[in-house]
Amino acid sequence: TMRGGEAVAGIVDEGEGEDAPMDDARCATMANDWVHEQEQRLAARSQGGKSDLLFFLHIPRTAGRTFHFCYLKLAIADAKRCAKSYDHLRVDIENPNCQLLATHDDYSLVERLKQQPRVVTMLRDPVARFLSSYEFAVEVSVRSFGEEAVAKGNNRVSTRNVWPWKYLVRHVDGDLHRYKDKVETTGWKDSISNVYNNSVYTPLHEFVSLQVAHDDLHNGQFLQLLGLTNNSSPETEPRAAKVRACLRKGAVATEVLYAFAERRLQDEVDVTVVHERLDESLRFSSAALGLHMGMRAYGGGPDQPQHTKLLRARLEQRTRDGDFPEDAVVVAFVFKFAKLTQAQLGVADWRTSYLTALAAVLAFSTGVEPGNVTILPHKLAPADTDPVAVEDTHWAVGTDGFQVALIQYPLDAEFGNDSGDDIKLGPGVLMTKLAEKRQNASDLVSAAEGFDTYGSLTVHAVGRRHPGLGITMESKEVYERFQTLGEKFRTCEAVQRSKYARLKTKAFARLHKHVLGEFEPFAKSDRKQIPRAILDEVREFNHLDVRLHDFGMKLFDARMAQRRSDVELELLPPSQMM
């Protein structure tokens, strides 16, 4: 990628240095030439109609992660999703099986394509986006207190390697390094009474004017739409730095480029939605893209295997084998963690420590003894399997990371949540909880560190073995029906909100150790402390984004009105968040 002051050839008069600033007249000529070139490229890409590729032009801090991760990804089959490309482009974008691509790359990526894709983007109020970017840069740096952090796993993308955070976060890293050095030298810690104005990291009023803010944030929505950020492809936009240098308020070149931005948003971007109206944006997108709220979500729940039937067979077998005391009540459930794979469960050494930790946390959450919690593989080994290899065979040939939990209670625990001194969740209470939380039962394991890395815990069948009532199963329809895209979005939205709230809390807990006193880390009410003059300065620096956002809101309203009857058919369940 290119940074702000790179030298660019081919756009200056003979006899002048490439880095010489251009006057307004020459800038206007260059801007008009650049726009003409974009229009010619679009005409060439559009000759064969739109391709099957859906490109999400993800502008940072616009709720784009929720829109991508909890909506677009769940509407597209896994086999048709392009590889993760937020840190760098990992895929052949001409591959016909690459049909959903989301990235912080700017529109210059589209210029690489032979055929025009369908394009979706989301805009946000520029002042709110800038403040959110500042807050997030601080949070990510604080997670490791200014030190480099390596993403775990080959398929994980570190936020620190993603534009623009790879520049913004490392600026805050420098602040934290200097602060740590000062504390080590003097022995004195500072306090944080105002999260936007303190001596630990760059105050907001200084950050607004930094070169890194101008390079990576100010008017970022406008520049990303045009493909002129400092993250643009040097192959397709070798003139990006020179064009950016001509963006002077009120200049002819600026107005030429801004007018083109409105045309591109209206004519080239198929769906433009807005952060401030997320639910309406989702419903409109469903109508416009044909990704309907009522369709089955990919990853929304299996048809096979039949978990209820399998769970009943497991309880019957273990009862016949005498594995339960005669007076024991056993609650059993089929579950999986979203990010835990069958391949991981097949690794014996890793699995041993995982099963021990899982049994311990489930015992803690329910109040039973750890020895009364059993975690089983999803599949039964064939009858002729070597008895010595039965357990490894079970785990190696299981299905998609599904597992079975058995929690054993004494009979008197059946009569209430507090029937025993230590019981926290009796059998009846646990079964009710599993039914209510089946799409996100992660709080059962939240007391232990590390389980959040496995993703959300979902429940797919529940049953009970009772000494007097025998084996009963909860309604199969409740657990084995598929989730619609709208339902799955709401579940995912709540899980993601909870996950990032935990990350934020853990991050600032590290910062608390290095400062005096307590402080609330970027609560909504904290923004009231920001002086109006600073907000006005942010708005002035982002004058092109302000105009583009206003235009985007009007465009969204007009398109909503045109598709009103279609949008009304897209039913989105109520939010699960308070």
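The rows are residues; the columns are (1) open to solvent by less than 40 Å² (accessible area, probe 1.4 Å); (2) at pLDDT below 95; (3) not β-branched (Val, Ile, Thr).
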| residue | (1), (2), (3) |
| --- | --- |
| GLY5 | no, yes, yes |
| GLY15 | no, yes, yes |
| ASP19 | no, yes, yes |
| THR29 | no, no, no |
| VAL35 | yes, no, no |
| SER51 | yes, yes, yes |
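Can you confirm whether the range 469-478 contains a residue that is out of contact with any Cys (no Cβ under 7 Å at 6 or more places or on another chain), open to solvent by less than 50 Å² (accessible area, probe 1.4 Å) and either β-branched (Val, Ile, Thr) or assigned to a loop (DSSP other than H, G, I, E, B) (or both)?
Yes, the range 469-478 contains a residue that is out of contact with any Cys (no Cβ under 7 Å at 6 or more places or on another chain), open to solvent by less than 50 Å² (accessible area, probe 1.4 Å) and either β-branched (Val, Ile, Thr) or assigned to a loop (DSSP other than H, G, I, E, B) (or both).
Run down TYR134, TYR167 and say which single residue is part of a helix (DSSP H, G or I), open to solvent by less than 10 Å² (accessible area, probe 1.4 Å) and among the aromatic types (Phe, Trp, Tyr).
TYR134 is the lone residue from the list that is part of a helix (DSSP H, G or I), open to solvent by less than 10 Å² (accessible area, probe 1.4 Å) and among the aromatic types (Phe, Trp, Tyr).
Based on what the data block shows, is ARG143 modelled with pLDDT under 95, buried (at least 17 other Cβ atoms within 10 Å of the Cβ) and under 29 Å from the mean Cα position of the chain (by Cα)?
Yes: the conditions hold for ARG143.
Name the helices (runs of 4 or more DSSP H) wholly within the range 483-578 that hold at least 2 residues that are surrounded by 15 or more Cβ atoms within 10 Å (Cβ to Cβ) and among the small types (Gly, Ala, Ser)?
485-512
Considering the range 170-187 alone, what residues qualify as being among the hydroxyl-bearing types (Ser, Thr, Tyr) and surrounded by 15 or more Cβ atoms within 10 Å (Cβ to Cβ)?
TYR179
Can you pull out the residues in the range 421-442 that are farther than 14 Å from GLU474 by Cα, touching a residue at least 40 places away in the same chain (Cβ under 8 Å) and not aliphatic (A, V, I, L, M)?
Matches in the range 421-442: ASP422, LYS424, GLN439, ASN440, SER442.
For the range 322-358, which positions are in a helix (DSSP H, G or I) and surrounded by 13 or more Cβ atoms within 10 Å (Cβ to Cβ)?
GLN342, GLN344, LEU345, ARG351, TYR354, LEU355, ALA357, LEU358, listed by residue number.
Check whether at least one residue in the range 299-321 is of a type in the set (S, T, N, Q), assigned to a helix (DSSP H, G or I), buried (at least 17 other Cβ atoms within 10 Å of the Cβ) and out of contact with any Lys or Arg (no Cβ under 7 Å at 6 or more places or on another chain), and report yes or no.
Checked the range 299-321: no residue is of a type in the set (S, T, N, Q), assigned to a helix (DSSP H, G or I), buried (at least 17 other Cβ atoms within 10 Å of the Cβ) and out of contact with any Lys or Arg (no Cβ under 7 Å at 6 or more places or on another chain).
Quick check, is VAL361 at pLDDT below 90, in a helix (DSSP H, G or I) and among the aliphatic types (A, V, I, L, M)?
So VAL361 does not fit the description; no.
Of the numbered conditions (1) assigned to a loop (DSSP other than H, G, I, E, B); (2) modelled with pLDDT under 85; (3) buried (at least 19 other Cβ atoms within 10 Å of the Cβ), THR399 satisfies every one except a single condition; which is it?
It fails just one condition, (3).
Out of ARG296, ARG263, I need the residue that is at pLDDT below 95 and not polar (S, T, N, Q). Which one?
Going through ARG296, ARG263 in turn, just one is at pLDDT below 95 and not polar (S, T, N, Q): ARG296.
What's the number of the condition SER132 fails, among (1) within 26 Å of ASP550 (Cα to Cα); (2) of a type in the set (Gly, Ala, Ser); (3) in contact with a helix residue (DSSP H, G or I) (Cβ under 9 Å, 6 or more places away or on another chain)?
SER132 satisfies every listed condition except (3).
Matching residues to (1) part of a strand (DSSP E or B); (2) closer than 26 Å to ASP105 by Cβ; (3) over 26 Å from the mean Cα position of the chain (by Cα); (4) not aliphatic (A, V, I, L, M):
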| residue | (1), (2), (3), (4) |
| --- | --- |
| HIS177 | no, no, yes, yes |
| LYS180 | no, no, yes, yes |
| ASN194 | no, no, yes, yes |
| ASN197 | no, no, yes, yes |
| THR202 | no, no, yes, yes |
| ASP215 | no, yes, no, yes |
| LEU223 | no, yes, no, no |
| LEU228 | no, yes, no, no |
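How about the range 103-131: which of its residues are open to solvent by 10 Å² or more (accessible area, probe 1.4 Å) and of a type in the set (Gly, Ala, Ser)?
ALA128
Name, by its number, the condition in (1) open to solvent by 40 Å² or more (accessible area, probe 1.4 Å); (2) over 15 Å from GLY426 (Cα atoms) that does not hold for ASN372.
(2)
Which is touching a residue at least 24 places away in the same chain (Cβ under 8 Å) and under 22 Å from the mean Cα position of the chain (by Cα), of GLY517, GLY463, GLY450, GLY552?
GLY450
Quick one: in the range 230-247, which of the residues that are open to solvent by 10 Å² or more (accessible area, probe 1.4 Å) and in a loop (DSSP other than H, G, I, E, B) is modelled with the highest pLDDT?
LEU247
The values are calculated or read from the model by the stated rules, or taken from the named source; none is laboratory data. Computed from a prediction, not measured in an experiment: that's the story for all the values here. Note: ideal-geometry Cβ built from the backbone for every residue, glycine included; neighbour counts use all protein chains shown. Surface areas here come from the heavy atoms of the whole protein model, side chains and all, with no ligands, DNA or RNA. Shrake-Rupley method; radii C 1.70, N 1.55, O 1.52, S 1.80 Å.
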